[in-house]
1. Can you pull out the residues in the stretch A:184-212 that are part of a strand (DSSP E or B) and at pLDDT 90 or above?
2. Taking interchain pairs and intrachain pairs at least six residues apart, which have beta carbon atoms under 9 angstrom, with the first residue in the stretch A:228-241 and closer than 19 Å to A:Glu206 by Cβ and the second exposed (fewer than 10 other Cβ atoms within 10 Å of the Cβ)?
3. Would you kindly identify the helices (runs of 4 or more DSSP H) lying entirely within the stretch B:127-214 that contain at least 2 residues that are among the aliphatic types (A, V, I, L, M), touching a Gly at 6+ places or on another chain (Cβ under 9 Å) and touching a residue at least 60 places away in the same chain (Cβ under 8 Å)?
4. Could you pull out the residue among A:Gly172, A:Gly131 that is touching a helix residue (DSSP H, G or I) at 6+ places or on another chain (Cβ under 9 Å), at pLDDT below 90, closer than 29 Å to A:Val32 by Cα and not in a helix (DSSP H, G or I)?
5. What strands (runs of 3 or more DSSP E) completely inside the stretch A:8-55 contain at least 3 residues that are in contact (Cβ under 8 Å) with a residue 60 or more places away in the chain and within 20 Å of the chain's Cα centre (by Cα)?
6. Pick from B:Ile49, B:Ile68: which is within 25 Å of B:Leu234 (Cα to Cα) and either at pLDDT 85 or above or away from every other protein chain (no Cβ under 14 Å) (or both)?
7. Of the residues in the stretch B:71-97, how many are more than 7 Å from chain A (Cβ to nearest Cβ) and either charged (D, E, K, R) or farther than 20 Å from A:Leu157 by Cα (or both)?
8. Mind listing just one residue for me: the one in the stretch A:102-145 that is more than 14 Å from chain B (Cβ to nearest Cβ) and at positive phi and, of those, surrounded by the most Cβ atoms within 10 Å (Cβ to Cβ)?
Amino acid sequence: MSGAAAATLTRPAIRIRGLVKSFKGVEVLKGVDLEVAPGSIVALLGSNGAGKTTLVRILSTLLRADAGEAAVNGHEVSAEAAAVREQLSLTGQFAAVDEVLSGRENLVLIARLRHLPDPGSIADDLLDRFGLTEAGRRRAGTYSGGMRRRLDIAMSLIGDPAVIVLDEPTTGLDPQARLDVWATVRQLAAGGTTVLLTTQYLDEAEQLADRIAILHEGVIVHEGTLAELKALLPPARVEYVEKQPTLEEVFLALTGGAR
Amino acid sequence: MSTLALADTAALTGRSLRHILRSPDTIVTTAVTPVALLLLFVFVLGGAIDTGSAGSYIDYLLPGILLITVASGVAYTSYRLFLDLQGGIVERFQSMPIARPSVLWAHVLTSLAANLAAVAIVTGVALLFGFRSGASVLAWLAVAGILVLFTLALTWIAVVAGLTAKSVDGASAFSYPLIFLPFISSAFVPTDSMPGPVAWFAENQPVTSIVDTLRALLAGTAVGPEIWVALAWLVGIGAVAYGAAAVLYRRRMR
């Protein structure tokens with residue numbers, strides 16, 4: 001479906017209106033408005049301390065807003081927190097996996113907490129899908145950063161939530177692991193899941209998102225497609241610049257990770 | 001709803017019990033210091049202590065040692081809760097459709113299992129070194145019940161410490177005064193051998209009534225009114241700590 005047309009016809013998966021939140025007198029969110037269309041990928045772009053994580057925590061019912069509305073598939077986060085928790089899954093900033101349990105035990109635990117039948121086979125399916133079958137019996141504490149993040153995202157997918165929120169999903173990952181996460185996010189959206197991801201990396205937003213919202217000093221300063229955002233600036237001038245490979249391209253070529 | 005709460009608590013308790021089974025050293029560590037104290041007092045200091053009671057000194061000493069075991073064991077509970085809060089896994093659980101209190105109850109039930117295991121080890125060692133009890137099955141059940149209440153009350157204090165701690169060290173520091181409290185009670189020596197103000201404190205703090213009750217039950221002698229004082233302390237402390245933990249937990253999640 002074409003994102004813009006569908007957005008006007010269907011109820012937004014996430015709808016935020018005039019959201020305000022302060023901590024000890026410091027206003028972090030000053031009236032945020034944002035809509036995310038079902039099945040789209042929206043990147044929330046902002047520098048450190050812009051309020052991205054605060055917004056994400058309000059959406060996932062971990063924090064109460066001071067004013068304004070936030071709804072997930074029509075369910076208001078404060079009044080219908082239980083319904084929101086059924087529909088939305090959060091992957092936080094720090095890869096919250098249990099390091100003592102194995103990867104498989106982590107998945108089984110989440111499946112049990114989501115009250116699903118046959119947690120074991122759900123876990124095995126996800127291990128397979130995320131290339132963790134071999135590591136599945138090892139303690140998650142022994143995993144590399146990329147594997148942890150894959151396990152983390154796999155845990156968020158249990159119960160097929162309609163909306164996935166990824167808070168800085170690639171912060172601290174090496175380039176190869178970053179590409180793996182990007183591929184996973186694209187797969188999710190292709191399967192109809194709505195994805196809201198926060199990032200401080202401009203190229204990540206550029207690579208993944210259907211629409212980009214820029215959060216700056218507590219408000220969304222601009223929201224639109226990449227083309228729309230680019231059109232905000234003066235038209236491109238033609239300059240001749242020698243095309244050097246980026247260090248990332250060099251790194252991936254040397255380590256054989258290019259895909 | 002309540003069956004879901006039970007299922008969630010069971011799932012999360014299974015998780016933290018696994019943590020303990022994979023690092024059983026935490027239970028052994030909990031038991032080592034009380035066992036060392038037991039041996040020190042029985043074989044080094046005990047010969048010079050006149051308890052004025054008929055039984056051997058190890059019989060006199062064991063109830064206090066068991067309380068010290070629990071007091072040091074609950075520090076692991078606040079430590080584990082603190083790490084869960086730090087690592088973000090509590091937030092992950094909270095963002096899911098689960099009964100929220102089950103996160104705390106899982107830690108509490110795990111604490112109960114771990115501390116009773118440590119208490120069993122210490123009691124086993126005491127038996128090896130000559131502890132004997134002529135208590136009836138009913139009296140043993142009463143001893144177990146009081147130790148369970150004691151562990152629950154101290155565990156809820158540990159939960160408060162875990163919820164409010166700013167650092168790993170801070171999370172377990174609360175247990176030092178709790179471990180020290182039995183020394184200023186009737187656990188090691190009779191309170192009437194202490195100078196006035198100290199004796200007054202010792203006689204009126206919770207440990208003395210609990211120790212005296214356990215000692216009477218284990219000796220198979222008549223239990224006096226101190227059992228009601230002990231139960232009132234245990235239920236009171238447990239209720240206050242539970243209330244504080246519930247408020248702190250709810251406030252944290254806002």
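1. To start, the set of residues in the stretch A:184-212 that are part of a strand (DSSP E or B) comprises A:194-199, A:211-212.
The answer is A:Thr194, A:Val195, A:Leu196, A:Leu197, A:Thr198, A:Arg211, A:Ile212.
2. A:Lys230/A:Ala236
3. On the way: elements: B:137-164, B:168-173, B:175-180, B:196-204.
Where helices (runs of 4 or more DSSP H) fall fully within the stretch B:127-214 and carry at least 2 residues being among the aliphatic types (A, V, I, L, M), touching a Gly at 6+ places or on another chain (Cβ under 9 Å) and touching a residue at least 60 places away in the same chain (Cβ under 8 Å), they are B:137-164.
4. On the way: A:Gly131 fails: closer than 29 Å to A:Val32 by Cα.
Going through A:Gly172, A:Gly131 in turn, just one is touching a helix residue (DSSP H, G or I) at 6+ places or on another chain (Cβ under 9 Å), at pLDDT below 90, closer than 29 Å to A:Val32 by Cα and not in a helix (DSSP H, G or I): A:Gly172.
5. A:26-36, A:41-45
6. Details: B:Ile49 fails: within 25 Å of B:Leu234 (Cα to Cα).
The conditions single out B:Ile68.
7. So the answer is 16.
8. The residue in question is A:Gly131.
The values are calculated or read from the model by the stated rules, or taken from the named source; none is laboratory data. In this text the structure is predicted, and so the values were computed from the model without any measurement. Cβ coordinates were reconstructed from backbone atoms using ideal geometry, including for glycine residues, and neighbour counts include every protein chain displayed.
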